[in-house]
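What follows is a single structure, written as structure tokens, with notes after it.
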Amino acid sequence: MHKPDILQVGPYPQWDQVPLDERFTTHKLFEATDKDAFLAEHGPTIRAIATRGELGADARMIAACPNLEIVSLYGVGFDAVDLEACRAQNIRVTNTPDVLTQDVADLGVAMMLCQSRGMIGAEAWVRDGAWSSKGLYPLKRRVHGAKAGILGLGRIGYEVARRLAGFDIDIAYCDVAPKDYAKDWSFIDDPVALASHADFLFVTLAASEQTRHVVDREVIHAVGPQGMVINISRASNIDEDALLAALESGALGSAALDVFEGEPDLNPRFLQLENVLLQPHHASGTIETRKAMGQLVRDNLSAHFAGHPLPTPVL
Ligand code: 8YV
């Protein structure tokens, strides 16, 4: 049987690669040194793009594949896919929601705890002998009983809030409208007011052109010198220059970040800062979740080529 040709934008773990190669003829863009030449050669045969959340599929890639039918994303965020181009050409788009929600929320809360209690510095304190030479580790900020602001109470924001409730944290959230499943939590309809209220501001918004830099200088300053910004969504939701300036000046107490503009090549100014916890965009990075994401990528592709309804369509 003829296997449909797919363009694979980035690598997957071996447990996904093997079944993908079994079912499809995979053209691995990430292995090509001259990507334009690769797209020009293979583009016309491509019927599907298999990509990752942060890699997406841009207009140039889509235009190079005139017979493209579907883009299947390994990730929940579809901001890096040119949805307009897909809509215009009736190209279906799928993502991997739900399966990663709990892990992303876990990492967000872990980042808050780790940063608040200075666990990275404390580890170094033990390893480099400061504990015996200097004595007690400097005191850090308490987590329980604090106030959290959740910017974007979607699936991930909701799971973050649910976890924080277990720490007796006061929870407020901001979204386009109050949510009927959030009756125990306060709705604040403005990001600046939410940030003023919060000790910990969690950014859990699905990114789009509309949410670009929603966390701007004003929001960051409202979080304040004792506050922390935690981002487990997309870098574009925060004005990164304003964030860096506030971290450098102390106008913002600290940040815990899993996502960066231009990642994996982040702004080197981050590396100079001691008040920021840096993570390599791995909030969904557990074996269990990544296996479920890979399965869903294949299930969407298989359903499409079998003419069945798509399990998790975006478009
Ligand atoms: C990445 C993500 O896809 O779900 C998303 O939107 O960005 C992540 O899960 C993951 O890092 C794999 O590349």
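The values are calculated or read from the model by the stated rules, or taken from the named source; none is laboratory data. Keep in mind it's a predicted model, so treat the numbers as computed, not measured. All Cβ positions, even for glycine, are placed from backbone atoms using ideal geometry, and neighbour counts span all protein chains on display. With ligands, DNA and RNA removed, areas are computed over all heavy atoms of the protein, side chains included. Shrake-Rupley method; radii C 1.70, N 1.55, O 1.52, S 1.80 Å.
Some points to look at:
- For peptides 179-188, 90-99, 228-237, sequence by mean Cβ density within 10 Å, most packed first: 228-237, 90-99, 179-188
- Bins of 5 Å from zero: percent of alpha-carbon pairs in region 101-278: 1, 9, 18, 22, 21, 14, 8, 4, 2, 1, 0
- Between the Cα long axis of helix 287-306 and the first principal axis of the chain there is an angle of about 30°, rounded to the nearest 10.
- Portion, in percent, of the accessible area of the chain that falls on carbon or sulfur, probe 1.4 Å: 53 percent
- What the Kirkwood sum gives for region 1-71 is a hydrodynamic radius of 12.2 Å, with every pair of different alpha carbons counted.
- Protection proxy ranking of 119-125, 43-49 - average other beta-carbon atoms within 10 Å, highest first: 43-49, 119-125
- Amide H contacts of G53: Y74, G75, each under 5 Å away and 5 or more positions distant or on a separate chain (H built 1.01 Å from N in the peptide plane; Pro and chain starts excluded).
- Entry note, region 101-278: relative contact order of 18 percent, from Cα contacts under 8 Å with a spacing of 6+ residues.
- Relative contact order of the chain, defined on C-alpha pairs under 8 angstrom at six or more residues apart (%): 16 percent
- Dipole magnitude of region 55-197 about its Cα centre (Cβ charges: Lys, Arg +1; Asp, Glu -1), debye to nearest 20: 600 debye
- Stretching R217 away from E22 to a fully extended chain increases their span by 65.2 nm, per 0.36 nm per residue minus the current alpha-carbon distance.
- Mean projection area, nm², convex hull over Cα of region 227-273: 3.0 nm²
- Long-range HN-HN contacts of Q8 with modeled amide H, under 5 Å: H27, K28, L29, A50
- Radius of gyration and maximum dimension Dmax of the chain, Cα, Å: 21.4, 70
- Taking all pairs of distinct alpha-carbon atoms in region 80-173, Kirkwood radius in angstrom: 16.5 Å
- Value of [θ]222 nm, deg cm²/dmol, for the chain, DSSP H segments ≥ 4, -39500 (n - 2.57) each, nearest 500: -10500 deg cm²/dmol
- Relative to the Cα centre, the charge distribution of the chain, modelled as +1 at Lys and Arg Cβ and -1 at Asp and Glu Cβ, gives a dipole magnitude of about 680 debye.
- Between M112, M293, M61, the Gaussian network model of the chain with springs among Cα atoms under 10 angstrom shows the greatest mean-square fluctuation at M61.
- Convex hull volume per residue, computed on the Cα atoms of region 5-151, equals 171 Å³.
- Region 1-144: relative contact order in percent, alpha carbon pairs under 8 Å with at least 6 residues between: 16 percent
- Each residue of region 122-137 is assigned a 3J(HN,Hα), and the resulting list reads 5, 4, 5, 4, 6, 5, 8, x, 4, 4, 7, 7, 10, x, 5, 6 Hz, derived from the Karplus form 6.51 cos²θ - 1.76 cosθ + 1.60 (θ = phi - 60°), x at Gly and Pro.
- Using the 1.4 Å probe convention, the accessible area of the chain works out to 48 Å² per residue with neighbouring protein chains retained.
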